[in-house]
């Protein structure tokens, strides 16, 4: 009996370990691959501090006069859930340390960069900006 | 020994009378869409009581039986004329005019019940008559249901006037007699007490209580995070890609809420989606389109889709559900300041008030205005 339980526990620990490892790798690989792609598109060495500054920088929308930043929807604390400024929908935390699903899918990251940069900054982000923000977010 | 009091109304008749009053009042007060589930419960009890009254009119005690109080028409007319002059004779049971009033009230009640069941079945798709006729008929049944309820209300008004006059005339409280069952002895009439029939009354109450508990079992037994939904709509199509892509910024509106041409336009204009650039690739767009057009409002699977669809002129292609005239009309009573309240957040946020918005049903009875955290007032 005791041996059985132990074995089960062992395999559970093993499985949990593997899945954590997989998630971390997925994240790391999606982020690493994107960073490499941004590099090829002309970005220099990424800088998380620049990323953080850009994330928090307030931009006034030309058409509406609204103040906008990435924080508007994702909140100041990346470990907390955010709220969509236009629709009120809850947004799960951005920090990969509390939300393991974050930054695991290249296509999804690119899609949201495109959408959110356009809405927040009124233009798409440069590869350098995306690399900086990604470096900032990945460490949260 | 001759008692000065006489039992005239047996218990089942009294339970019927006050039960009918209560269920009528309850159904009237709960006529708003959001209370439909309770309105229908009141309606079923009302219907059941009327059917019981028909049976009791044949099998009940003396004064409860139709044969004791349905008199020929001329007699009722004669009585009314005397009553108008303040000289109507006293009757222990129903007077000749009252007898006809009972019949009229019971018939109106039965017609209200039947048109109610038809409205529930044809307009909402629920109850024993669910979907027996095309939705085109719904408006007719709904209107007759309302007209009959008003007709009954005016009959009740006449009934109250008559009861008041007769009570004054003979210096006895008829409403009290309907409560206690007793009236003053009348030497010219039958002088026996009627049987109380307590067992029948108990059974009547038991059936109604049991049915009410069964009807409300969901409120009592429901557990879990999702709110209890008293009405389930038809099984609607689901699509994981749609929920993922169109549910990222707001509720993934079910395709049944807009016609095919609207979804086509929304997906075609994806780079300017209410000033958002959705940036979806062509493959994703075509898969979303394929799903949207099969579930579109033109299929009219739900009441909401049918009504939304009918309210859009053929030449128009709305890109908002909230700009269709059916939607606007249904929400016109909601004050502007409510829309901007933080726990509602805007017209597009159906989930704030419709508990079954995610399922795409928008059933009556699944909507409620969320409480205002500050002063706990309910605006509607």
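The values are calculated or read from the model by the stated rules, or taken from the named source; none is laboratory data. Given the structure is predicted, the values throughout are model-derived calculations rather than measurements. Here Cβ is always computed from backbone atoms with ideal geometry, including for glycine, and neighbour counts include all displayed protein chains.
Okay, here's what the table says:
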| read-out | value |
| --- | --- |
| Flag if residue B:162 is assigned to a helix (DSSP H, G or I) and out of contact with any strand residue (DSSP E or B) (no Cβ under 9 Å at 6 or more places or on another chain) | yes |
| Hits in segment B:326-350 (condition: more than 14 Å from chain A (Cβ to nearest Cβ) and assigned to a loop (DSSP other than H, G, I, E, B)) | B:331, B:332, B:333, B:334, B:335 |
| Those residues of segment A:125-140 which are buried (at least 16 other Cβ atoms within 10 Å of the Cβ) and more than 14 Å from the chain's Cα centre (by Cα), in sequence order | A:125, A:127, A:128 |
| Any helices (runs of 4 or more DSSP H) falling wholly within segment A:1-112 and containing at least 3 residues that are modelled with pLDDT under 90 and within 19 Å of residue A:136 (Cβ to Cβ) | A:2-40 |
| Restricting segment B:229-240 to residues that are more than 21 Å from residue B:293 (Cβ to Cβ) and either at pLDDT 95 or above or surrounded by 14 or more Cβ atoms within 10 Å (Cβ to Cβ) (or both), the residue that is nearest to the other protein chains (Cβ to nearest Cβ) | B:229 |
